[in-house]
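Asker: Could you have a look at this structure, given as structure tokens, before my questions?
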Amino acid sequence: MAGARYADFLARLDRTRTLGVALGLERTRSALDRLGNPERRVAAVQIAGTNGKGSVAAMTDAILRAAGVHTGLFTSPHLSRFTERIRIQGREIDGDHLAELYDAIVATAIPLTYYEIGTVLAFAAYAEAGVELMVLETGLGGRLDAATTCHPVATAITSIGFDHAEILGSSLAAIAREKAGIAKPDIPLFLAPVARQADQAIAEVAAAVGAPVLRLATDFPEAPFPTALPGAHQHTNAALAVALARTATTHLGRALAPSMVQAGLRDVVWPGRLEWLGDHVLIDCAHNAESAVTLANTLDRLPRGRRALVVSVVAGKAVKAMLAILAPRFDLVIFTRSASPRALGPSELAAAMPAGPGPRTDVADEPLRGLATAREAVGADGLVVVAGSIFLVGDVRAALTGEPRDPVLTSDPPATSV
């Protein structure tokens with residue numbers, strides 16, 4: 001995959017975590033200017049939202065590739081390798097080449113944050129590779145997110161919920177305004193169903209900049225084909241992806257036949273989201289109350305045998321709300337700690353359990369031990385669910401699939417460090 005240069009890049013990148021998260025576009029724009037503005041050389045679609053934006057990005061990319069478009073896909077965070085964040089034609093970028101691109105960014109002398117570096121790396125890589133269309137998942141919010149320095153031909157908002165409220169705002173309307181900051185003049189903004197106050201806030205922001213808002217079922221249809229990604233919520237995500245892909249191909253002067261849409265939705269892969277590893281282990285990055293509801297709805301459609309939940313969550317998440325939703329659906333809940341330095345300790349998670357009767361609980365000092373305990377408790381035919389932090393899912397997925405991990409583990413700094 002990569003060698004010593006990539007490992008050195010990861011170590012250098014990890015040191016930038018001390019800069020924390022600093023929202024704003026000025027640093028990113030300055031670095032891009034000094035690099036010759038690679039973001040201007042590639043058309044883009046940009047996706048924001050509390051949940052679902054990664055799935056929409058993956059489906060949009062898959063549809064476009066099925067239509068013969070040379071694509072770049074930028075997502076975050078990553079499960080096992082930083083290179084997952086920057087894909088060209090569905091393939092991760094080479095790590096050693098990423099290190100070369102990073103040297104050019106360092107030479108700009110602009111002090112970029114961890115996420116800003118990833119964004120600029122993606123733009124530079126896509127321009128260099130002659131990508132026709134880059135699909136960008138917004139990192140945090142939208143208005144001040146580094147990805148918003150792109151020049152999109154279409155944008156989308158997948159959902160509005162209470163995540164990162166301490167940064168984005170304490171009401172749905174405030175959060176919606178931040179996410180609607182991706183809107184651009186005369187560029188269509190495709191919108192999934194959201195709460196009325198969020199819809200109104202998005203409409204106000206879009207009107208102020210002159211962006212038309214197109215709403216699902218009113219202005220564009222449901223997706224015509226099923227998607228390979230499980231969960232009823234993916235029908236909405238697929239509709240957004242089709243709308244984005246259709247707008248992008250029109251911009252590029254390409255045709256988008258129904259067979260291409262069908263092929264893209266059939267072949268899309270988005271690991272770690274309601275993903276089955278064998279018949280009896282389900283992993284999911286349910287990291288807030290809204291995504292916990294999605295997981296709970298999926299569980300409610302499954303036969304009710306013995307079940308165990310292995311869970312780890314990073315600080316700052318709505319742990320009590322998540323456990324109130326998920327815990328009643330299990331016979332055993334095992335609290336553990338992922339490799340992330342932001343992970344809450346098992347005892348802290350246990351203290352967030354709802355009061356009163358509930359499932360049996362246990363603690364494990366590391367995820368694989370928790371997985372082993374869960375498997376033993378439910379037996380050969382029982383269900384083990386590993387859910388919560390993307391860091392937990394990445395740890396377990398890599399162990400069960402043999403997926404290679406980065407030689408230097410690194411992750412975004414906490415969003416509270418603004």
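Asker: Need one number: the % of Cα-Cα pairs in the chain sitting beyond the 39 Å mark.
Answerer: Values: 13226 of 87153 pairs.
Counting every Cα pair in the chain, those more than 39 Å apart make up 15 percent.
Asker: Give the percent of DSSP beta bridges with both residues in the chain that are antiparallel, rounded to the nearest 5. It would help to have the intermediate numbers written out before the result.
Answerer: Working: 8 of 47 bridges.
Antiparallel bridges make up about 15 percent of those DSSP assigns within the chain.
Asker: While we're looking at this one, here's another question. Which value in deg cm²/dmol, rounded to the nearest 500, describes the helix-derived mean residue ellipticity at 222 nm for the chain, given -39,500 (n - 2.57) per DSSP H run of n ≥ 4 and division by the residue count? The partial results should precede the final answer.
Answerer: Numbers: 15 runs with 168 residues, N = 418.
Helix-only estimate at 222 nm: -12000 deg cm²/dmol.
Asker: Heavy-atom accessible area per residue, segment 200-275, 1.4 Å probe: how many Å²?
Answerer: Working: 3500 Å² over 76 residues.
With the other protein chains kept in place, segment 200-275 gives 46 Å² per residue.
Asker: Could you name the aspartates and glutamates in cross-link range of residue 320, using Cα to Cα under 12 Å and dropping any fewer than eight places away on the same chain?
Answerer: Result set, ordered by chain and number: 348.
Asker: Continuing with this model, one more query. Could you order peptides 98-106, 306-314, 74-82 by the average number of other Cβ atoms within 10 Å of their residues, highest first?
Answerer: Details: 98-106: 17.4, 306-314: 24.9, 74-82: 22.2.
Output ranking for 98-106, 306-314, 74-82: 306-314, 74-82, 98-106.
Asker: Given axes a ≥ b ≥ c from the Cα gyration tensor, I'd like to know whether segment 1-132 is rounded (a/c under 1.5), prolate (a/b larger than b/c) or oblate.
Answerer: Working: a/c = 1.42, a/b = 1.34, b/c = 1.06.
Rounded.
Asker: Please sort 331-344, 55-68, 14-27, 183-196 by packing, taking for each peptide the average over its residues of neighbouring beta carbons within 10 angstrom, highest first. Walk me through the numbers on the way to the answer.
Answerer: Numbers: 331-344: 21.9, 55-68: 26.6, 14-27: 15.7, 183-196: 19.1.
My ranking of the peptides, most packed first, is 55-68, 331-344, 183-196, 14-27.
Asker: Antiparallel DSSP bridges in segment 293-391: what percent, to the nearest 5? Present the calculation step by step, with values, prior to reporting the outcome.
Answerer: On the way: 1 of 15 bridges.
About 5 percent, rounded to the nearest 5.
Asker: Given just the C-alpha atoms of segment 68-173, how large is their convex hull per residue in cubic angstrom?
Answerer: Working: hull volume 13.5 nm³, N = 106.
Enclosed volume per residue, from the Cα hull, is 127 Å³.
Asker: On to the next question. Cβ under 12 Å from residue 397's Cβ, residue 397 left aside: what net charge do those residues give with Lys, Arg +1 and Asp, Glu -1?
Answerer: Numbers: positive: 81, 273, 405; negative: 84, 275, 284, 395, 403.
Result for the local shell: -2.
Asker: Run the quick spin-label model on residue 331 and residue 277: label points 7 Å from Cα toward the beta carbon, then report their separation in nm to one decimal.
Answerer: Going from the residue 331 label point to the residue 277 one covers 2.2 nm.
Asker: When Lys and Arg each count +1 and Asp and Glu each count -1, what net charge do the other residues less than 13 Å away from residue 42, Cβ to Cβ, add up to? Numbers along the way, then the final one.
Answerer: Values: positive: 40, 41; negative: 39, 128, 132.
The answer is -1.
Asker: Let me ask something additional. What lysines sit close enough to residue 179 to cross-link, taking a C-alpha to C-alpha distance under 18 Å and skipping anything fewer than 8 places away on the same chain?
Answerer: Within reach: 53.
The values are calculated or read from the model by the stated rules, or taken from the named source; none is laboratory data. Here the structure is a predicted model, which is why all the values come from computation and not from measurement. With ideal geometry, Cβ positions are generated from the backbone for all residues, glycine too; neighbour counts draw on all protein chains shown. Please note that ligands, DNA and RNA were not included when accessible areas were found on the heavy atoms of the full protein model with its side chains. Shrake-Rupley method; radii C 1.70, N 1.55, O 1.52, S 1.80 Å.
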